[in-house]
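The values are calculated or read from the model by the stated rules, or taken from the named source; none is laboratory data. Predicted, not measured: the structure shown is a model, and the values here were computed from it. Here the Cβ positions follow ideal geometry from the backbone for every residue, glycine too, while neighbour counts run over all protein chains shown. Just the protein is used for accessible areas: all its heavy atoms, side chains included, with ligands, DNA and RNA removed. Shrake-Rupley method; radii C 1.70, N 1.55, O 1.52, S 1.80 Å.
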Amino acid sequence: MQTLNVLIFVCTAYALFLFFVAFVAERAAMRGRGKWLRSSVVYTLSLSIYCTAWTFYGAVGYAARSGFEYVTIYLGPTLVMIGWWWLLRKLVRVGRTQRITSIADLVSSRFGKSNLLAVGVTILAVVGTTPYIALQLQSVTLSFEAFADSLNQQGEAANVSESTALWVAMGLALFTVLFGTRNLDANERHHGVVMAIAVEAVVKLMALLAVGIFVVWGLSGGVGDTLARIDASEIGKWQVDGGRWATLTFLSAAAFLCLPRMFQVMVVENSDEQHLRTASWAFPGYLLLMSLFVVPIAVMGLERLPASSNPDLFVLTLPLSEGQNALAIFSFIGGFSSATSMVIVAALALSTMVSNHIVMPLWLRANVGRASFSGDVRHVVLVARRVSIAGVVFLGYLYYRMSGGGTALAAIGLIAFAGMAQVLPVLMGGLFWRGATRVGALAGLTVGFGLWGYTLFLPSFGEGAFMPRTVLENGLLGFAWLRPQALFGIEGIDPLIHAVFWSLLLNAITFVTVSLASFPSPLERLQGAQFVNALQQTGSARSWSAGTAQTEDLMVMAQRILGASEALQFFRREAARQAGGNARPGKLPDPTPDFLQRLERELSGSVGAATAHAMVAQIVGGASVSVRELLAVADETAQMIEYSDRLKAQSLELSRTAEQLRAANEKLTSLSVQKDAFLSQISHELRTPMTSIRAFSEILRDTADVSREEKQKYSSIIHDESVRLTRLLDDLLDLSVLENGQVNLNLRDGTLREALDKAASAAATGDESPAITILRDPEQESITLHTDFDRLGQVFINLIANARKYCDAEQPELTVLVEHNDLGVQVDFIDNGSGIPSDAQDLIFEKFARVSPQRAGGAGLGLSICRQIMERLGGSIGFLPDTRGAHFRVTLPMVAPEHLAESKPLVTN
Amino acid sequence: MGKRVLVIEDEPNITEAIRFFLSRDGWEVFAHSKGHDALEVIAHRKPDLLILDVMLPGRSGYEILRDLREQPEWTELPVLMLTARGQAKDREMAAEAGASRFMTKPFSNSDILEAVRELAPV
């Protein structure tokens, strides 16, 4: 009882000592002193939480049962530390740049901030870690019992052991709450906790070494003797099982990377990447020391202690049985240290995950719109974190109570390892493969977790506990290939190897296949690039002291964005402001936060706030650009591209409109000029015949001696000129009527030949124009039409008369070509003259346009009238600029549309 | 032999009417109907008076008159311009080109006669 009391006292004192260490470290960190807190030694020692009570006590038990196989548990982390140094560096770099708070956060962050993934990993971690916490509580209780047993005080011991676990759990929860949630550091670093763990690391190593030294030199009588004993024992005859060795080494390596508590100390609590360099050799050294005396203790325990005693407690019971109480108490403290440090960090890591990924999202969802000020949320986060810590520790306690503490310690540890190892494929894929997707990660994790639960976790509770005996023996639903420990009919392997093999293999296959088949979101792509290329980025912050170089860089960047002179002006202004108005010319401003802020504002006018911030941050250093900022940059860029696209489209439209306006204006101007020209033309056309009429009328009236012939001749002139006047007025009237749509068509059946015959003969008679040969093909022209033949004839006459007037060939010829199909007829009039000048071609159908006024007989209304007529008849008339001579084409339907005859007025200009 | 008048006018009927009443007034009347060779015809006929239409095939009356006035021997030749376009603009252009008198078609025969007598008194 005395010893037991001493033990309780020492325990309490030790716990208080740890509280004190944590408190001092925390204080030092808060005051900004304590550089030693962030030394590589502390970092390396904190990694030792890998060595839990399981390693402290269990390794000896493991060696006693399975010989040298326990080495694999140390071999895995050693290989990772030495061989995969670069992988750890990448992990730490990513963790720092992305401000990762836990392994769940890492996976979630890598795959597009998927909260579903975070929840999955969190659950996996809780399920995998709870038995482990139970294991620590059990080890403390067992070690307590061992003391009690050795003192033959069983009556009280039962009581003590009942309450030990609860007291320990409560104490640990309190410690973690106190030092784990003192403040919500953005980096989630806990100097007090880390320091306490480093101290515990030293204590447990010392304790184990002390027991080892006692065993080798105190009991066995030296190194040589010990080696001889080992050779003689069962352990020495033990054979290596290659499959198990490989599996266990791999498993412990995977666990070293994936266990939440390892991630916490290795990545989250890391303050300097360079610490990894020290840890890469120092931590394997620590592990070597931890494992050095395992076999001697096991051998000696088997030799000296009764067969019924638990090999897991040899470290404790050996000194006790030898009456070395002080050593036993030291050993107990070592085990206690291993257990408590693990529980503290595990609870810390798990509570971060649970509160960040499960509690907070739920709370926020339940309080949409109410979390209006940050203090509110901060408080909630703290409470959530504390409740989570208590919950996690309590869960471990519950598991301990329910499992009854019967299972071998090592078995629970390995099961937990295998569970967390399911995160490995996703973690590796996320860090090294850009093609990995969120859906793939989810699928892989689900398959791996499911298989682990089915093949290892559930059966581990024993037959009938969670898994019915029938399922174990006959497979799920009676399918033999679904037997949990012989999947797909592969039997006779160690259940652990079997489970690890199937769960990780199918996990990885599912992850890769689904990733290949699915399409990552933009955020996932971006995050993927960030993670995979983590080492290419300049993660290490540039120092603020390199002032001028930075300012020059900023200047170069600003010039590129603002323009050379604007940037120069801005920098001069800033330099003057800093120097109080008397700056040396050419002096650049110092990169003070104030200056940087103004520069950022200046830049953001041009490139957007996020981009400006990212650019300045990139040059000045400090925190590297976060994904959120990059996304904002991308958004801004997209907006700018869209904006400039819109501008481009608008300016294109504007220039098109301007072009149309210019064309319309040109046409209007031209029309206006034509109208003026027409007015004088019409004046000329009217006055000319009137002049003749008046002049000869006056001659006839005023002259007495006009001969009879002269009288006759002059009267004819007066008559002809009157007719000419009338014809001109008729044309004007005709055009006016056609343009106003008031024309009545006289539709009837007839042949095209008939119309052309009439027109040719009409055009041939009359005025003084030279004769023209008309070449026709009567065969083609025998087409029956339903149209207004008078109007059509008018068009044909006009075209033939024009050819007569304007064709300048020596022997003028006009070819008339007819083509037709079911819909309509096409009549071409092609002469052999020199054609119409190209600049006049657009105007010939306009009213009063005459290509060569001096030669014109009419008023320039002919083609205008023709166009109006053809429109009324449902056809068209056009000029074809293809041939050498003038080429007009008349097209008209076989049947003129009735409704067009009375259509609304057509506005032509 | 009376004085010589040259009529450059593309409408044969108008030329015919002018010839009728000027010859009865004692003028020797020459007629020409094209613009492009008008200057040669003038040089050839050496008229005492020129009656010139504005709208002529080949060359406008204004152009002919402008070129004519540049030749020293024709600066003093009386020129009566006739035009069927009676706008103020036409009157200005005629004056600029160097016309002695400007008359709009249709005209009264007696007005022409009067103008001719004034411009080239017998």
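Brief remarks on what is shown
- Boolean, A:E709 is outside the structural domain of A:Q559 (by TED's automatic domain parsing), at pLDDT 90 or above and either among the polar types (S, T, N, Q) or over 30 Å from A:Q98 (Cβ atoms) (or both): yes
- Cβ pairs under 7 Å, 6+ apart, first in segment A:715-734 and in contact (Cβ under 8 Å) with a residue 12 or more places away in the chain, second open to solvent by 60 Å² or more (accessible area, probe 1.4 Å) and outside any helix (DSSP H, G or I): none
For every residue, the table says whether it meets (1) modelled with pLDDT under 80; (2) open to solvent by 10 Å² or more (accessible area, probe 1.4 Å); (3) over 11 Å from A:S291 (Cα atoms); (4) not assigned by TED's automatic domain parsing to the domain that holds A:Q138.
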{"position": "A:S48", "(1), (2), (3), (4)": "no, no, yes, no"}
{"position": "A:T55", "(1), (2), (3), (4)": "yes, no, no, no"}
{"position": "A:S66", "(1), (2), (3), (4)": "yes, yes, yes, no"}
{"position": "A:V71", "(1), (2), (3), (4)": "no, yes, no, no"}
{"position": "A:T78", "(1), (2), (3), (4)": "no, yes, yes, no"}
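- Among the conditions (1) among the polar types (S, T, N, Q); (2) open to solvent by 30 Å² or more (accessible area, probe 1.4 Å); (3) outside any loop (DSSP other than H, G, I, E, B), A:S331 misses just one, which is (2).
- Considering segment B:4-122, the qualifying helices (runs of 4 or more DSSP H), each wholly inside and each with 2 or more residues that are within 14 Å of chain A (Cβ to nearest Cβ), run over B:12-24, B:61-70, B:88-97, B:109-119.
- Options B:L56, B:L22, B:L50, B:L68: the member that is on the phi < 0 side of the Ramachandran plot, of a type in the set (A, V, I, L, M) and touching an Asp or Glu at 6+ places or on another chain (Cβ under 6 Å): B:L56
- Hey, A:T751 open to solvent by 70 Å² or more (accessible area, probe 1.4 Å) and assigned by TED's automatic domain parsing to the domain that holds A:L873 or not: no
- Residue satisfying condition, being at pLDDT below 80 and surrounded by 17 or more Cβ atoms within 10 Å (Cβ to Cβ), within set A:L477, A:L496: A:L496
- Unique match (being under 30 Å from A:V723 (Cα atoms), of a type in the set (D, E, K, R), within 14 Å of chain B (Cβ to nearest Cβ) and touching a residue at least 60 places away in the same chain (Cβ under 8 Å)) among A:K711, A:K675: A:K675
- Residue match in segment A:739-756 (condition: of a type in the set (K, R), in contact with a Phe, Trp or Tyr (Cβ under 9 Å, 6 or more places away or on another chain), more than 14 Å from chain B (Cβ to nearest Cβ) and farther than 30 Å from B:F107 by Cβ): yes
- Filter result for A:S66 (of a type outside the set (V, I, T), closer than 21 Å to A:M266 by Cβ and touching a residue at least 24 places away in the same chain (Cβ under 8 Å)): no
- Flag for A:W54 being more than 29 Å from A:S460 (Cα to Cα) and either free of Cβ contacts under 8 Å to residues at least 40 places away in the same chain or assigned to a helix (DSSP H, G or I) (or both): no
- Qualifying position, being crowded, with 16+ Cβ neighbours inside 10 Å and among the acidic types (D, E), among B:E9, B:E40, B:E28: B:E9
- For the condition among the acidic types (D, E), at the interface with chain B (Cβ under 8 Å from one of its Cβ atoms) and more than 60 Å from the chain's Cα centre (by Cα), A:D702 qualifies.
- For segment A:779-889, the helices (runs of 4 or more DSSP H) that sit wholly inside it and include 1 or more residues that are polar (S, T, N, Q), open to solvent by less than 10 Å² (accessible area, probe 1.4 Å) and modelled with pLDDT of 85 or more are A:862-872.
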